Amino acid sequence: METLQPLRHPPRSEEELMRQASRLAGYSLSELATLAGLPIPGDLKRDKGWIGVLLELWLGASAGSKPEQDFAAIGVELKTIPVDKLGRPLETTFVCVAPLTGNTGVVWETSHVRHKLHRVLWVPVEGERRIPLGERRVGTPLLWSPSAQEEEQLRRDWEELMDLIVLGRVEKITARHGEVLQLRPKAANSRALTEAVGAHGEAILTLPRGFYLKKPFTAALLARHFLL
DNA sequence: ACCTGATCATCG
DNA sequence: CGATGATCAGGT
């Protein structure tokens, strides 16, 4: 009697989402891919989003590109996160693209970063490269919202970074800026360009950027979960 | 060993 | 191009 199967519709509640996500814990990616009829790439070099797509499929998120949350009806965003054997993140977490123009008057309260991170379902997945992709296993899911302290850290970093963008200093920003949130390139390659504000208020072309959560931030929120 | 900057696939 | 999904990999 095989009852494990992908959700055929978007989850109608956080409870339904968590019930399904919890059932996936312990399964390998090859098991989930086979049951879902999804081919397994040899590695992630040319399929960097494959694990995310696989989990979207299993959890009933409409895969592909939408500017919405993954589970818009219940206001939840899905993030798969590669972790080592101790559950610590191996990568930073992409949040959203940074707007480089038209930012006069923007505020944290209505920002894309705050909206995206309001409610997140974290699904840890074994990510060490020595483990063959298909043998990597899915971990225990965590439904998270920023604590007051976490939101304050995020807001401070966002405001600092947005100030630099508005003031035409985007090209002075490095990944070292920000305590928990960083700004880094987010593009197909280094030749992709987008419009931004220059040092003298003029329009310039620069690399598209994205907001990412630094590893210590996600490590802390995952650790809190596993220790409780 | 780790982090920052660079990169890969797909879709509308 | 820019949004979605992220990881790669060389330099420090």
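Bear in mind these aren't lab numbers, they're just calculated from the coordinates by the rules spelled out. Bear in mind that the values here come from a model prediction, so they are computed numbers and not experimental data. Cβ atoms come from the backbone with ideal geometry, glycine included; neighbour counts cover every protein chain shown.
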Farthest toward positive dipole pole in segment A:1-51 [+1 Lys/Arg, -1 Asp/Glu at C-beta], among A:G26, A:I51, A:P11: A:I51
Got a sec? Which residues in segment A:73-94 would a label at A:R130 touch, if it sits 7 Å along Cα→Cβ and we count backbone N under 11 Å? A:85
Which three extents, in whole angstrom, do the alpha-carbon atoms of chain A cover along their principal axes, largest first? 67, 38, 33
Looking at segment A:1-58, which trypsin sites (Lys or Arg not before Pro) are in a loop (DSSP not H, G, I, E or B) and have at most 14 other Cβ atoms within 10 Å? A:R8, A:R12, A:K45, A:R46, A:K48
7 Å from Cα along Cα→Cβ at both A:E109 and A:L38: what's the point-to-point distance in nm? 3.9 nm
Under a point spin-label approximation (7 Å from Cα along Cα-to-Cβ), what is the A:E150-A:F94 distance to one decimal in nm? 2.1 nm
Neighbour-count order for A:Y27, A:Y212, fewest beta carbons within 10 angstrom listed first: A:Y27, A:Y212
Ranked by how many other beta carbons lie within 10 Å on average, peptides A:140-151, A:114-125, A:158-169 from highest: A:114-125, A:158-169, A:140-151
Ascending count of other beta-carbon atoms within 10 Å, so fewest first, for A:E14, A:E152: A:E152, A:E14
For A:C96, what residues show an amide H to amide H distance below 5 Å, using hydrogens built from the backbone and excluding near sequence neighbours? A:F211
Within a Gaussian network of chain A (alpha carbon springs, distance under 10 Å), most fluctuating of A:L133, A:L193, A:L59: A:L193
Paramagnetic reach from A:D84 (point 7 Å along Cα→Cβ, amide N under 12 Å) across segment A:116-146: A:127-129
